[in-house]
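The values are calculated or read from the model by the stated rules, or taken from the named source; none is laboratory data. Just so you know, these numbers come straight off a predicted model, no measurement behind them. When we count neighbours, we look across all protein chains shown, and the Cβ atoms used for this are built from the backbone with ideal geometry, even at glycine. For accessibility, only protein heavy atoms count, side chains too; no ligands or nucleic acids. Shrake-Rupley method; radii C 1.70, N 1.55, O 1.52, S 1.80 Å.
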Amino acid sequence: MLTMRIQPREERKNNNHDWVILRLKTIMHEAGRYEKTENNAVKCSLCNHRCAIQEGKSGICGVRHNEHGTLYALTYGKISAEAVDPIEKKPLFHYLPGTLSYSLGSIGCNFHCQHCQNWHISRATLEEARLRTLQPEEGVERAIASKSASIAWTYNEPTIWHEYALDMGTIARKKGLGTIYVTNGYITEEALRELSPMLGAFRVDIKAFTDDFYKKVCGARLQPVLDSAVLARELGMHVETVTLVIPGLNDSKEEMESLIRWVIDHLGPATPMHFSAFHPDYKMTDRGATPLATLEKIYVMAKELGLRFPYLGNVYNHPYENTICPACGTLLIERQGFSSTIRALDGQQCRNCGEKIEIVRHVA
């Protein structure tokens, strides 16, 4: 921890951005996952951009700032959003189903998605944001008081909140809470391994299955996302994927089939995959919402390819949101909106046929 000096008025006029940082952050938290390089520059190894950050500059995420050769996490302990959500809203259907999740977000993102639905916080700057302080211990206390079974770092990208989530999650696990990243999956191997003792669920967006989409729409690459999903599973995390199906960009039968086959081969056929409807937002208003028929065809194809648990998202009260026993077809969990009712599940077994269902009912 470092206490920063207050700049004289004339210096503030000359460098408003730095003054805002100091005004909002009288105490700054040194980041982890970086190394010092020449001329007071640093190299961040938290996400797969691996930004080289010059003195006085911030990384692509906008919230990791180089001050005199030391990298600081500007949003440590600073939140923009706090809510108690049904866990189905994440969406997570096979991790603590039917429970509440204490959910936190801040600002910034290491992607620049043209269709971002939380752009008002992901693209917010420190100058614009209305952030309030919440220390890790207090966050855990508030989660327990809210009767939540888990804490989720969500709304904006949690990877760039690394130190804060790590500290809070470590406390949370000791208190018996589940822990969730709702993430774009661009975290580095070394950062994900550091999180693994405390992180229970890795709900990852696979936004498309072409590198071209990632480069043009998100400002990133596909392979690091796939690598992190595989590593999360190897490290023992519960993994579910979400793909927002965008008309004309990633909705072809060939691309969806390739994505589903990859998940089956690399994450396993029991991996829940959510295929969600797109609606125009932010900088992508040049196309309409995803037709329901498109999503239904993807669901049927996923089942035919051998995926045990495909789901549709952003569709209200549709039978393809329910959890069905892949062996006998019994309705196991019924969902309406973000509410769920367990109908025929005893622990991890179908009550009708005894089939084992890959689902996390309790935190280990």
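Tabulated values for the structure
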{"read-out": "Every residue from segment 213-230 that is crowded, with 19+ Cβ neighbours inside 10 Å, of a type outside the set (Ser, Thr, Tyr) and assigned to a helix (DSSP H, G or I)", "value": "217, 218, 224, 225, 226, 229"}
{"read-out": "Segment 28-72, residues that are within 18 Å of residue 125 (Cβ to Cβ) and either of a type in the set (Phe, Trp, Tyr) or open to solvent by 50 Å² or more (accessible area, probe 1.4 Å) (or both)", "value": "57, 60, 72"}
{"read-out": "Test for residue 271: is it among the β-branched types (Val, Ile, Thr), part of a loop (DSSP other than H, G, I, E, B) and closer than 26 Å to residue 363 by Cβ", "value": "yes"}
{"read-out": "In segment 94-111, the residues that are open to solvent by less than 10 Å² (accessible area, probe 1.4 Å), part of a loop (DSSP other than H, G, I, E, B) and closer than 20 Å to residue 185 by Cβ", "value": "94, 106, 107, 108, 110, 111"}
{"read-out": "Every residue from segment 201-212 that is open to solvent by less than 10 Å² (accessible area, probe 1.4 Å) and over 12 Å from the mean Cα position of the chain (by Cα)", "value": "208"}
{"read-out": "Residue 203 vs. criteria in contact with an Asp or Glu (Cβ under 7 Å, 6 or more places away or on another chain), within 21 Å of residue 318 (Cβ to Cβ) and outside any helix (DSSP H, G or I)", "value": "yes"}
{"read-out": "Checklist (1) in a loop (DSSP other than H, G, I, E, B); (2) of a type outside the set (D, E, K, R); (3) surrounded by 15 or more Cβ atoms within 10 Å (Cβ to Cβ) applied to residue 264, failing item", "value": "(1)"}
{"read-out": "Enumeration of residues in segment 231-252 that are hydroxyl-bearing (Ser, Thr, Tyr) and either touching a residue at least 60 places away in the same chain (Cβ under 8 Å) or open to solvent by 20 Å² or more (accessible area, probe 1.4 Å) (or both)", "value": "252"}
